[in-house]
Structures are given as C-alpha cells and as structure tokens.
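Written below as structure tokens is the structure these notes are about.
The values are calculated or read from the model by the stated rules, or taken from the named source; none is laboratory data. Note that the coordinates shown come from a computational prediction; the quantities given were computed from them, not determined experimentally. A quick note on method: Cβ atoms are made from the backbone with ideal geometry, for glycine too, and the neighbour counts reach across all protein chains shown. Surface areas here come from the heavy atoms of the whole protein model, side chains and all, with no ligands, DNA or RNA. Shrake-Rupley method; radii C 1.70, N 1.55, O 1.52, S 1.80 Å.
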Amino acid sequence: MEQLVNITSRRPMRAVTLTDGAVTKVRELLVAEQDPSLALRMAVRPGGCSGFSYEMFFDSEQSDADVIEEFDGVNVLVDKQSVELLRGSVLDYKDGLMEGGFAINNPNVTRSCGCGNSFS
C-alpha cells in the first residue's frame with residue numbers, strides 16, 4: 001500500500017477518513033450484503049454541474065493501483081486518479097430528520113453546487 005505524506009508535517013496523510021458514524025453505517029450495509037469480499041469504493045468522476053462528482057459503491061474488485069484505507073475492519077478503496085482529489089476528505093454519516101445520510105467534507109473543493117455531490 002502506498003504511504004501518502006503531508007509535505008508540511010512529513011506525516012502520512014490518509015486518502016480519506018471515515019468518522020465512527022460512517023464506519024458503523026458502512027459496516028451495517030456490508031453485513032446486509034452478505035459478501036465478505038466487498039469493500040467501500042470511493043471515487044471522483046468527471047461530470048456534475050461543477051466539474052466532478054463523487055461516486056461510492058461496494059466493490060469486490062481490487063486493483064494493485066488502489067489505495068486501501070482500513071477503519072475498524074471496514075476497507076475503503078480509492079483509485080489512483082481519485083486520490084489527489086479526495087486526499088484529506090472525511091466521510092461522515094448522520095441519522096437524523098434534517099441531515100440524514102452520508103456527507104463528504106473535502107478540503108480540496110474550491111467550488112461546489114447546491115446538490116453537494118458535484119465540485120471543482
């Protein structure tokens with residue numbers, strides 16, 4: 001696995017981080033899938049109203065070029081092209097009436113649209 005380093009502090013920097021809430025929810029969803037080979041794949045693809053959009057899905061295909069992050073038994077795969085656009089991002093999950101679901105806090109975003117799924 002490639003080790004990413006923050007140039008300022010010389011410490012490794014994760015491609016993405018999952019909060020405890022996100023880990024719990026992803027684990028729940030993985031258990032429901034009943035396939036131990038699955039991992040959460042996070043990616044960035046061209047498109048959306050601001051230039052890029054997020055993609056998240058369960059994937060059993062792993063490439064040697066993938067960066068793998070592990071959170072309390074939950075594996076997250078990020079392809080090489082997406083790493084630079086996601087580096088330092090935090091995936092959170094909230095279960096509530098006003099703010100329910102997954103949300104990505106990405107420090108690399110310079111502009112985003114109202115839907116929250118598209119950025120540049």
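So in the stretch 22-34, with the set limited to residues that are in contact with a Phe, Trp or Tyr (Cβ under 8 Å, 6 or more places away or on another chain) and surrounded by fewer than 17 Cβ atoms within 10 Å (Cβ to Cβ), which one is farthest from D95 (Cα to Cα)?
The initial filter retains those residues of the stretch 22-34 that are in contact with a Phe, Trp or Tyr (Cβ under 8 Å, 6 or more places away or on another chain), namely 22-26, 29-30, 33.
Those left that are additionally surrounded by fewer than 17 Cβ atoms within 10 Å (Cβ to Cβ): 24, 29, 33.
Details: T24: 11, L29: 14, E33: 20 Å.
Taking the candidates together, the pick is E33.
In this structure, is M56 touching a residue at least 40 places away in the same chain (Cβ under 8 Å), open to solvent by 40 Å² or more (accessible area, probe 1.4 Å) and closer than 18 Å to F102 by Cα?
yes
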